[in-house]
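Asks: Please see the structure below; I have some questions.
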Amino acid sequence: MLISRNIQRIKPSVTLAITARAKAMLAEGIDVVSLSAGEPDFDTPQNIKDAAIRAINQGFTKYTPATGILELRKAICKKFERDNGLAYDPSQVIVSCGGKHSIYLAILALVDEGDEVIIPRPYWVSYPEQVRIAGGNPVVLTPTKENGLKVSPQDLRSALTSRTKLLILNSPSNPSGIVYTRDELAALAEVVLEAGIYVLSDEIYEKIIYDGARHCSIASLVEGMVERTVVVNGVSKSYSMTGWRIGYAAGPEAVISAMGKIQSQETSNSCSIAQMAALEALTGPQDSVGAMIEAFDRRRRYIVDRLNSIEGISCPVPQGAFYVFPDVSSYYGFFHKGKRIEDSVDFCEFLLDEMKVACVPGAGFGMDTNIRLSYATSLENIEKAMDRIEEGLKKLQR
Ligand code: GLU
């Protein structure tokens with residue numbers, strides 16, 4: 001076989017695959033409502049676009065240092081200090097081509113062949129695959145039921161082995177929307193320090209949080225944690241800048257410098273123009289962030305109510321991010337046009353093919369009983385999608 005064994009064992013991103021399929025159907029003139037991608041529907045704020053246009057006009061179109069321009073890394077340090085109580089030097093910060101890329105670089109820098117990486121279920125689709133690309137072994141941890149979908153210190157202890165290198169935490173979580181409290185994170189930090197492992201803390205949804213929940217970075221909590229944590233964040237979600245591909249990470253200097261070494265051989269720097277736009281996002285007016293969160297919150301309440309009003313669907317209220325992750329498994333075993341719905345993939349296929357609503361199967365997130373719907377789209381679209389789902393489920397037969 002032509003393709004390397006390592007790459008043969010990874011799966012393509014299911015979130016991107018479904019989004020592409022929905023876009024292709026739209027291009028064919030099919031009226032699809034897509035609740036698939038985790039991508040804010042708002043335009044990038046004008047001040048940010050202007051900063052990019054200025055950068056182009058001023059000829060800021062050449063290579064930058066591989067880890068990103070100093071001004072942006074300084075602005076990121078200020079952000080960490082202001083929002084998370086974390087003091088970093090710019091040498092402990094790297095700017096990469098999106099949060100996904102920052103995560104990948106951190107995994108490559110930390111994980112050796114055969115190392116185990118603990119990933120709580122449900123997880124974002126790319127974590128296990130990126131660990132596999134690095135030659136590591138993802139160890140998927142199912143939280144005990146009493147804690148809902150949150151990992152307890154006991155859960156974490158039970159997953160540790162002599163090969164454990166890293167724990168990946170994502171709060172607010174994609175896909176579940178859970179947000180860990182300060183105390184919950186502090187208790188996990190104690191176990192991490194005791195075990196001498198590292199944490200990759202994916203905080204990309206930090207700003208998208210509701211009902212008075214508070215985001216807290218595990219790196220800031222217990223003495224010694226900052227040396228054990230790589231914090232990943234970015235501008236994509238908070239500033240509606242998914243296409244600009246700017247993510248960043250902060251952590252121990254040795255880890256960040258290893259990530260910089262990989263990046264220098266891999267992509268050189270992230271786009272110079274997008275870096276200038278990200279600088280404006282972090283240092284310019286912040287009012288657009290609040291306006292987006294208010295809109296997400298209205299959509300969140302609406303979609304949760306609609307889903308829970310459908311018989312057989314149970315949808316917890318997310319505290320953060322812009323996804324709902326309902327359990328739809330009571331429909332498994334039902335038939336449509338003679339075809340049996342066996343799992344979340346069949347369920348989403350039915351919704352897409354028959355009802356023209358695109359959602360992501362929970363199987364991609366390690367939880368086949370559920371599906372993920374993104375509410376980062378207009379209320380009008382969400383209403384249309386919910387009407388179709390409600391209607392469609394009535395057509396299923398036992
Ligand atoms: N993080 C978003 C999602 O989960 C964007 C797509 C991706 O990169 O997976 O939908």
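Asks: Under a plain spin-label model, where a point goes 7 Å from the Cα along Cα-to-Cβ, how far apart in nm are D287 and E311?
Replies: 4.9 nm
Asks: How much length, in nm to one decimal, is gained on full extension between E113 and E383, taken as 0.36 nm per residue of separation minus their Cα-Cα distance?
Replies: 92.5 nm
Asks: So, one more: How do F347, F335 line up, fewest other C-beta atoms within 10 Å first?
Replies: F335, F347
Asks: On each of the three principal axes of the Cα atoms of the chain, give max minus min coordinate, whole Å, ordered largest first.
Replies: Cα spread of the chain along its principal axes, largest to smallest: 60, 54, 53 Å.
Asks: Given Cα pairs under 8 Å that are at least 6 residues apart, what percent is the relative contact order of the chain?
Replies: 22 percent
Asks: Which residues' amide hydrogens lie under 5 Å from the amide hydrogen of R372, considering only partners 5 or more residues apart or on another chain, with H built in the peptide plane?
Replies: Sorted by chain and number, the residues that satisfy this are V360, G362.
Asks: Show me 110-117, 391-398, 199-206, 33-40 ranked by packing, highest mean number of other Cβ atoms within 10 Å first.
Replies: Descending mean neighbour count gives 199-206, 33-40, 110-117, 391-398.
Asks: While we're on this one: Return R340, R121, R300 ranked ascending by Cβ neighbour count within 10 Å, so the fewest neighbours appear first.
Replies: R340, R121, R300
Asks: Cross-link list K23/K74; K23/K49; K79/K237: which exceed 26 angstrom alpha carbon to alpha carbon?
Replies: The answer is K23/K74.
Asks: Can you give the log10 of the normalised intensity I(q)/I(0) at q = 0.15 Å⁻¹, computed with Debye over equal Cα scatterers of segment 214-352?
Replies: Normalising to I(0) and taking log10 leaves -0.99.
Asks: Sticking with this one: For R21 and K337, what does the FRET efficiency come to when R0 = 25 Å and r is the distance between their Cβ atoms, rounded to the nearest 0.05?
Replies: The formula returns an efficiency of 0.80 here.
Asks: Next question. So for segment 203-294, averaging the separation of alpha carbon pairs under 8 Å that are six or more residues apart and normalising by length, what relative contact order in percent results? Display every interim value, and only then the final one.
Replies: Details: 83 pairs, mean separation 22.6, N = 92.
Reported as a whole number, the value is 25 percent.
Asks: Dipole of segment 274-385, Cα-centred, from +1 at each Lys and Arg C-beta and -1 at each Asp and Glu C-beta, to the nearest 20 debye?
Replies: Here the size comes out at about 140 debye.
Throughout, read-outs are computed from the coordinates displayed, never taken from laboratory work. If you're wondering where the values come from, they're calculated on a predicted model, not measured in any experiment. Glycine also receives a Cβ, built like all others from the backbone with ideal geometry; neighbour counts cover every protein chain displayed.
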